[in-house]
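Values in this text are rule-based calculations from the coordinates and carry no lab data. Treat the numbers as computed from the prediction; the structure is a model and nothing was measured. For neighbour counting, all protein chains shown are included, and Cβ atoms are generated from backbone atoms with ideal geometry for every residue, glycine included.
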């Protein structure tokens, strides 16, 4: 993973799921971030806690904006994926603590 991809993941930590009040990285919703330096394009593979998540549109918009704010020259593509399906096993340690899973 490139330094820029790592930075973009850190930017995505600023995106909070409005229902769970935990950032989308620690929730395990960000599956991958790929940056193409030659084309100045980033592809974010992202899922939601469920296909019917009522906050999905907000989360996707916030994810795109979090990267665009820091990298305005970059084309940002948020790809919503459902495989593998999200589960609580995808939570980071910090995400587990924030949700009270010990």
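Below are the figures for this structure:
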| read-out | value |
| --- | --- |
| Per-residue Cβ neighbour rank within 10 angstrom, fewest leading, 25, 76, 81 | 81, 76, 25 |
| Expected 222 nm ellipticity per residue - DSSP helices of 4 or more, -39500 (n - 2.57), all of the chain, to 500 | -9500 deg cm²/dmol |
| For the chain, alpha-carbon Rg over 2.2 N^0.38 Å | 1.04 |
| Antiparallel bridges, percent of DSSP beta bridges restricted to the chain (to nearest 5) | 55 |
